[in-house]
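Presented below is the structure to which this report refers.
The values are calculated or read from the model by the stated rules, or taken from the named source; none is laboratory data. None of the values given here were measured: they were computed from a predicted structure. Cβ: placed from backbone, ideal geometry, glycine included. Neighbour counts: every protein chain shown. Calculation scope for accessible area: heavy atoms of the full protein, side chains included, ligands and nucleic acids excluded. Shrake-Rupley method; radii C 1.70, N 1.55, O 1.52, S 1.80 Å.
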Amino acid sequence: MRAIVVSTTGGPEVLTYTDHPDPEPNPGEVLVDVAASGVNFIDVYHRIGRYPLSLPFVLGNEGAGTVAAVGEDVTGLSVGDTVAWAGVMGSYASRAV
């Protein structure tokens, strides 16, 4: 998959659009084909390190898309369902959990 990865904090030049391993859903999680990512000021704070995260990371904590796979113990969601989320990092990517 493709993702916007931050490997070091700094200005917009630290954003790297690159190949990144597909995430796998753990128990209680779903894998989503991302259709839209929220772009917010908090993403700038993460990028510049004001709110530090472990490096490297995939930016973005809001998004929407279609469920591509479900982990164990997931109830109420199925492959093909449309979902949206907030507060889960990794939405600046083609797939997210």
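Values as computed for the structure displayed
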quantity: Exposure rank, largest accessible area first [22, 73; 1.4 Å]; calculated: 73, 22
quantity: Estimated Rh, the chain: Kirkwood, alpha-carbon pairs, angstrom; calculated: 13.7 Å
quantity: Fluctuation leader among 54, 78, 37 - the chain, Gaussian network, Cα springs under 10 angstrom; calculated: 54
quantity: The chain: most fluctuating residue of 32, 79, 44 per GNM, C-alpha cutoff 10 Å; calculated: 79
quantity: Selected from 39, 74, 58 as most flexible by GNM, with the chain as the system and alpha-carbon contacts under 10 Å; calculated: 74
quantity: Qualifying GluC sites (Glu not before Pro) for the stretch 17-97 [loop in DSSP, other Cβ within 10 Å: at most 16]; calculated: 72
quantity: Whole-number accessible area per residue in Å² for the chain, which is evaluated in the context of all protein chains at 1.4 Å; calculated: 56 Å²
quantity: Accessible area of the chain belonging to carbon and sulfur atoms, whole % at 1.4 Å probe; calculated: 54 percent
